[in-house]
Amino acid sequence: MAPTRTSELLEELVAQAPDGPVDLEWLLGHLDRRSFGLLLLLLGLLVIIPGVATIATLALLFPAVQMVLGRSAPSFPRFLSKRQFDFKRFKRFTVLVLPMLQAIERVSRPRWNARRDVTDRLIGLVVFLLALSAGWPLPLVNVIPGIVVVLIAIAYLQEDGLLLVVGLAAALMSLLGLGWTVWTSARALIGWMGL
């Protein structure tokens, strides 16, 4: 029996969501055994959405660190787990994202499996760096890291090592791009100040 597709899990989660605001504790309570992967997917999507991007970026740091530490399931401190956000915006965004997710799933399949503990730690470290870069105070700087986190989460959930390599390469390009932007901006600022 084939595992449930990521898009189907996402649709089920959205269908179960109440009409009002939800919190991270509700999300954690509705994730299955693949909770790290689904949580990264959900938070990666939320990082892209204006209005909830800041809290989602902060929240993304916690599962990333827990993956690096080898934890079996994600958890959040109470000040974050009880923080509510409007899920209606996420539902609308999901309608736009699902066709793209389903297209990726059609070409994705389990391959190039590595040891899970090593993969988890590597993904946790990369997602941590992407979350830090998404929090940089520049306009729309959160969008590319958010998209890359979504790609990595899909690869993780589909157990697709080839797609994961593509996601990690995209993460490296995203981080190098931000580093170059920050470096050139700092040099320009220093030059403008005459230092």
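Of note:
- Among complete DSSP H helices in the chain, those whose alpha-carbon atoms stretch at least 24 Å along the helix's long axis and whose mean Kyte-Doolittle hydropathy reaches -0.5 are 87-107, 116-134, 161-193.
- Top of L151, L61, L13 by mean-square fluctuation, Gaussian network on the chain, Cα under 10 Å: L13
- Gaussian network model of the chain, Cα within-10 Å springs - most flexible of V65, V149, V127: V65
- Residues whose placed amide H lies under 5 Å from that of V22, excluding near-sequence neighbours: F85, F87
- Between V107, V126, V141, the Gaussian network model of the chain with springs among Cα atoms under 10 angstrom shows the greatest mean-square fluctuation at V107.
- Amide hydrogen proximity for D160: with H placed 1.01 Å from N in the peptide plane, the residues at 5 or more positions away or on another chain lying under 5 Å are R111.
- One chain, two ends: R71 and M100. Fully extended at 0.36 nm per residue, the span grows by 7.4 nm beyond their Cα-Cα distance.
- Only Cα pairs under 8 Å and 6+ residues apart enter the sum, and on that basis the relative contact order of the chain stands at 27 percent.
Throughout, read-outs are computed from the coordinates displayed, never taken from laboratory work. None of the values given here were measured: they were computed from a predicted structure.
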